[in-house]
1. THR144 - would you say it is surrounded by fewer than 20 Cβ atoms within 10 Å (Cβ to Cβ), in contact (Cβ under 8 Å) with a residue 40 or more places away in the chain, farther than 15 Å from PHE84 by Cβ and not aromatic (Phe, Trp, Tyr)?
2. Can you tell me which condition THR126 does not meet? The list is (1) open to solvent by 10 Å² or more (accessible area, probe 1.4 Å); (2) touching a Phe, Trp or Tyr at 6+ places or on another chain (Cβ under 6 Å); (3) more than 16 Å from SER110 (Cα to Cα), and all the others hold.
3. Restricting attention to region 63-78, and to residues there that are part of a loop (DSSP other than H, G, I, E, B) and among the hydrophobic types (A, V, I, L, M, F, W, C), which single residue is farthest from the chain's Cα centre (by Cα)?
4. Kindly list the number of the only condition in (1) within 15 Å of ASN57 (Cα to Cα); (2) modelled with pLDDT of 95 or more; (3) open to solvent by 10 Å² or more (accessible area, probe 1.4 Å); (4) of a type in the set (Val, Ile, Thr) that fails for ILE86.
5. Restricting to region 25-58, count the residues that are at pLDDT 90 or above and either open to solvent by less than 20 Å² (accessible area, probe 1.4 Å) or of a type in the set (Asp, Glu) (or both).
6. Before we move on, is LYS61 modelled with pLDDT of 90 or more and charged (D, E, K, R)?
7. Output yes when any residue across region 96-103 is at pLDDT 95 or above, open to solvent by 90 Å² or more (accessible area, probe 1.4 Å) and under 23 Å from LEU146 (Cα atoms), and no when none is.
8. Within region 127-138, track down each residue that is assigned to a strand (DSSP E or B) and free of Cβ contacts under 8 Å to residues at least 40 places away in the same chain.
Amino acid sequence: MKNKTIGFHNAGLILLTLTALSFASCSKNGGEVDDNGEKYLTCKINGEYREFNYFVNANDKPATDTVHFVVISGWEKQDMITGFGIDMHIAEGAKETTYVGNDASDLLLSGKYYIQNMKDGKIVGTTIYNGGSATGSNFTLTITSLTKWGVKGTFSGKLRLLGGEDYVTVTDGKFSAPYN
C-alpha cells in the first residue's frame with residue numbers, strides 16, 4: 001500500500017465532524033454502553049478484524065421525526081490516531097433499510113477509514129480511504145434500528161485512498177451508536 005497523504009487542512013471538514021462527535025460523548029473508558037449494554041463499531045479491513053470502540057457515537061439527536069442525516073464514528077484507541085466514520089445525507093429521511101453508495105449513485109453516502117500521520121507528537125497529515133463517493137469505490141450501509149436512542153446497523157465496501165490508486169476492502173462491519 002502506498003502511503004499517500006493529504007494535508008490536514010484538506011481533510012479538516014471530515015475530521016472536524018468526526019472529532020466533534022467523538023468529544024461530545026467522551027467518558028473515562030470510551031466504551032460507554034447503551035440501554036442494551038452495547039456500543040460498538042467493528043469491521044474487517046483487508047481481512048483483519050478491527051475495533052473502533054472508543055468514543056463511538058452518532059450525530060445529534062434529530063429535532064424532528066425525520067432523520068435527514070446519519071453520522072457514526074469511532075476511534076481504534078484513545079490516542080485517536082486511527083478511526084472509522086460513516087456519513088449519509090438523505091433528503092427523504094433515513095429508514096431501516098439498505099443503502100448503496102458509489103461513484104454512479106446520487107446518494108450522499110460514504111464510509112471513511114482514516115489514519116492521522118504524526119511527527120514529533122503533532123498531526124502533519126491524514127491518510128483517508130473513502131468508499132461511496134470516490135471514483136471506483138463503493139459503500140453499503142444497512143440500518144437495522146433507528147430509534148430515539150440512536151442507530152444500529154451493518155456496513156461494507158471498497159474504499160479508495162484519497163489522492164491515490166490503492167484500495168482497502170471493508171467487510172463484516174457492524175455498529176451500535178447512540179445519539180449525542
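1. For THR144, the condition - surrounded by fewer than 20 Cβ atoms within 10 Å (Cβ to Cβ), in contact (Cβ under 8 Å) with a residue 40 or more places away in the chain, farther than 15 Å from PHE84 by Cβ and not aromatic (Phe, Trp, Tyr) - is met.
2. With (1) open to solvent by 10 Å² or more (accessible area, probe 1.4 Å); (2) touching a Phe, Trp or Tyr at 6+ places or on another chain (Cβ under 6 Å); (3) more than 16 Å from SER110 (Cα to Cα) applied to THR126, the lone miss is (1).
3. Among them, the one singled out is ALA63.
4. Unmet for ILE86, out of (1) within 15 Å of ASN57 (Cα to Cα); (2) modelled with pLDDT of 95 or more; (3) open to solvent by 10 Å² or more (accessible area, probe 1.4 Å); (4) of a type in the set (Val, Ile, Thr): (3).
5. Result for region 25-58: 11.
6. In short, no.
7. Yes - at least one qualifying residue is present in region 96-103.
8. TYR129, ASN130, GLY131, ASN138
The values are calculated or read from the model by the stated rules, or taken from the named source; none is laboratory data. Keep in mind the model is a prediction, meaning the values are calculated, not measured. For neighbour counting, all protein chains shown are included, and Cβ atoms are generated from backbone atoms with ideal geometry for every residue, glycine included. Ligands, DNA and RNA are excluded from the accessible area calculation, which covers all protein heavy atoms including side chains. Shrake-Rupley method; radii C 1.70, N 1.55, O 1.52, S 1.80 Å.
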